[in-house]
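The values are calculated or read from the model by the stated rules, or taken from the named source; none is laboratory data. These numbers come from a predicted model, not from an experiment. All Cβ positions, even for glycine, are placed from backbone atoms using ideal geometry, and neighbour counts span all protein chains on display. Side chains are part of the model used for accessible areas, which takes the heavy atoms of the whole protein and leaves out ligands, DNA and RNA. Shrake-Rupley method; radii C 1.70, N 1.55, O 1.52, S 1.80 Å.
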Amino acid sequence: MKKRSLALLALATSLSLAGCESKPAATSAPAANAQDDSSEKLTINLMVSSNQGGGWPDNNPVLLALDKKLNIDLKIQWIPTDDYKDKLNVLAASGNFPDVYEIGDTALYQKWQVKNIFLDYTPYLAQYPNFTTYLGADAMEILNPKGKVYGLPKYVPEFRDNLAIRQDWLDKLHLKAPTTVDEFYETAKAFVNDDPDGDGKKDTIGFSFALNKNGGFNNLDYLMGAFGLGNQWKLVDGKLVPYQLQTKELTDFIGFLRKAYSEGVLDKDFAVNKNREPLDKFEANKSGIHYVNANQLQTVTMTTLKKVAPDAQVVQLTPPKGPTGLQATVTSVSLGKIVINNKIDPKKQQRIVKLLDYMLSDEGYDLIKNGVEGIHYKKVGDDKYEKLPAFDQDRPYLLSTWFFRRFDPNIQIRKWDDQEYAKSVFQWIENGSKYKWPNPAVGLQSDTAVQLGTQLNQEWLTTMVNIIVGKEPLDNIEKAAKAWRSGGGDQIVKEINDQYVLTQS
């Protein structure tokens, strides 16, 4: 987005939200001038959304190093990703937010920033230049009102996740990699019926995905885009249309899933899968097609997979072409925000700012990315390093992968990784970038969506699931669209389009 457009968007959003909420008090400037000299040890409560394996024990060497460097006692709450939004809402109800935490839900971020909940970072930016040096300027502006920075952007590589397929399964079944959605279907069907893992049992999955709490599909971008659906929104004749109302494309897409479910090609547990479970099944040798994190393919996914399938071979799969030749892949935007509680002591606020700034510095970034020298790795020559066993045991990189980091596509390339590995990661990402599936409404928000959007989407998604599993007819896609519109969707569309017009002026 152009900077002027973002400024207009932010202004419009803040004015719109200010109409129903009290304006934030200007309390952050005194905090910036609190002159914390770090002589007093402070306890800081940090909340992190965690994935597989959970978080650190209190004696993790990186945690201890941060404590020593900043003279703090950093207490981390590791909340499972699937429970994180619910946890935020519970904290909001009690008014007992942590000192520093991430908000990945744009509706909550927009809703709460006008309630004086977040510290404004703006007074600190000149004092701590790492924020402007290592964080994307556009991402800093997105979702923040003009002249304010209530949340620092959490970097998400745009094409981190790419579609992968088991090459050894293809070879065993004498198949070529599929290039169209029809070929994809037949390949997935063979993965179910023809015993690709060679155990003599019909216990493998064609393809899988999960549902999310915002009322949408996870891990199906390649099929949604192939069938012509927009990434949340689609520009049609100059107007933004949500994918819930793209009924023609939905009929093709949901019809595809309905057939796959009825024939046993689609994972029968898709509706109850938690966020990571489809990938868990891929890593457990139970499915042969799924999205993988290019940075973690060799270090996590293949390491896990080879424990149960030593001869497994995984290659990148080009997104299959849809009926009209469309192709798409996961296209991420950095919308997560790192926020500081505006109600805590100003000296603690400044210490947290110092902590975040340190994590972006050369020394701090090296620490949260590679760990502690002598414990997690050792130097073995000029610019040559060797990983030590404690790296895999301690997972010293968790804060950089789950919480806060520079805008750096090398985020999961370690200083001891060989150049061929680094090149392969970049090749996966570069290949994926050819199939960008942008959301033209990214950063836009509406009051109605904040209030009703999740409920509307969940009700709509319930109908889609019922259609897929055969409980409702395919024609009910039209019925679900009408219900979405009448329940508040028409107002959401109006508000989003009103803001979109502002960004184009």
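I need the phi-derived Karplus couplings for the stretch 105-114: 6.51 cos²θ - 1.76 cosθ + 1.60, θ = phi - 60°, integer Hz, Gly and Pro marked x.
Once θ is set to phi - 60°, the couplings for the stretch 105-114 become 8, 5, 5, 5, 4, 5, 5, 8, 5, 8 Hz.
Just for the Cα atoms in the stretch 165-258, what are the lengths along the principal axes, largest first, rounded to whole Å?
Cα spread of the stretch 165-258 along its principal axes, largest to smallest: 52, 28, 19 Å.
Rounded to the nearest whole Å², what accessible area per residue is found for the chain with the 1.4 Å probe?
That works out to 44 Å² for each residue.
Answer with one residue from Phe403, Val181, Ala226: the one whose Cα lies farthest towards the positive end of the charge dipole of the chain, charges on Cβ with Lys, Arg +1 and Asp, Glu -1.
The listed residue farthest towards the positive side: Phe403.
Evaluate E = 1/(1 + (r/R0)^6) for Gln455 and Ala137, where r is the Cβ-Cβ distance and R0 equals 22 Å; express this FRET efficiency to the nearest 0.05.
0.05
Going by the alpha-carbon gyration tensor, a ≥ b ≥ c the square roots of its eigenvalues, is the stretch 381-467 rounded (a/c under 1.5) or, if a/c is not under 1.5, prolate (a/b greater than b/c) versus oblate?
Values: a/c = 2.70, a/b = 2.18, b/c = 1.24.
Judged from the Cα gyration tensor, the stretch 381-467 comes out prolate (a/c at least 1.5, a/b above b/c).
If the chain between Lys286 and Lys274 were fully stretched, how many nm would it gain, using 0.36 nm times the residue separation less the Cα-Cα distance?
Taking 0.36 nm per residue and subtracting the Cα distance, the gain is 2.7 nm.
Stretch Asn96-Glu386 to full length: gain in nm at 0.36 nm per residue minus the Cα-Cα span?
100.1 nm
Please compare each pair in Lys154/Lys307; Lys87/Lys354; Lys337/Lys479; Lys115/Lys234; Lys268/Lys479 to a cut-off of 28 Å on the Cα-Cα distance and tell me which ones are over it.
In this structure, Lys154/Lys307; Lys337/Lys479; Lys115/Lys234 exceed 28 Å between Cα atoms.
Enter the accessible area of Leu461 (Å², nearest 10), with the probe set to 1.4 Å and all protein chains included.
Number for this one is 10 Å².
Measuring from a point 7 Å past the Cα of Asp86 along Cα-to-C-beta, which residues in the stretch 451-468 have an amide N at less than 19 Å?
454-459, 461-462, by backbone N distance to the label point.
Net charge within 11 Å of Asp37 by Cβ-Cβ distance, Lys/Arg positive one each and Asp/Glu negative one each, not counting Asp37 itself?
Details: positive: Lys347, Arg351, Lys354; negative: Asp36, Glu40.
Net of charged neighbours comes to +1.
Using the Cβ atoms and a cut-off under 15 Å, what net charge is assigned to the surroundings of Gly198, where Lys and Arg are +1 and Asp and Glu are -1? Mind dumping the intermediate values first?
On the way: positive: Arg166, Lys172, Lys201, Lys202, Lys286; negative: Asp168, Asp171, Asp194, Asp195, Asp197, Asp199, Asp203, Asp311.
Counting the neighbours of Gly198, the net charge comes to -3.
Among all the lysines, which ones have a C-alpha under 19 Å from Lys379's C-alpha, if same-chain residues fewer than 8 places away are not counted?
Leaving aside lysines fewer than 8 places away in the same chain, those within reach of Lys379 are Lys369, Lys387, Lys415.
With all protein chains present and a 1.4 Å probe, how do Leu356, Leu245 order by accessible area, largest first?
From most exposed to least exposed: Leu245, Leu356.
If each DSSP helix of 4+ residues adds -39,500 (n - 2.57) and the sum is divided by the residues in the chain, what number results at 222 nm, nearest 500 deg cm²/dmol?
Roughly -12000 deg cm²/dmol at 222 nm, from the helical runs in the chain.
Could you sort 166-172, 469-475 so that the peptide with the highest average Cβ count within 10 Å comes first and the rest follow in order?
166-172, 469-475
Which order do Ile254, Ile79 take by accessible area at a 1.4 Å probe, largest first?
Solvent-accessible surface, decreasing: Ile79, Ile254.
Using a 1.4 Å probe on the protein chains only, how many percent of the accessible area of the chain belongs to carbon and sulfur?
49
In a Debye calculation with equal point scatterers on the alpha-carbon sites of the stretch 263-343 and no solvent, what is log10 I(q)/I(0) at q = 0.15 Å⁻¹?
-0.75
Given C-alpha coordinates of the stretch 53-192, what is the ratio Rg to Rh with the Kirkwood estimate of Rh?
1.12
Classify the stretch 322-365: rounded, prolate or oblate, from the alpha-carbon gyration tensor (a ≥ b ≥ c, eigenvalue square roots; a/c under 1.5 rounded; otherwise prolate if a/b is larger than b/c)?
oblate
For a label point 7 angstrom out from the Cα of Lys213 toward its Cβ, which stretches of the stretch 445-478 have the backbone nitrogen within less than 18 Å?
Residues 450-462 qualify, since their backbone N sits under 18 Å from the label point.
Let me know the shape class of the chain, please: from the alpha-carbon gyration tensor, a ≥ b ≥ c as square roots of the eigenvalues, rounded when a/c is under 1.5, otherwise prolate if a/b is greater than b/c, or oblate.
Verdict is oblate for the chain.
How much length would be gained if the chain were fully extended between Lys378 and Gln52, taking 0.36 nm per residue of separation minus their Cα-Cα distance, in nm to one decimal?
Working it through step by step, the gained length comes to 114.7 nm.
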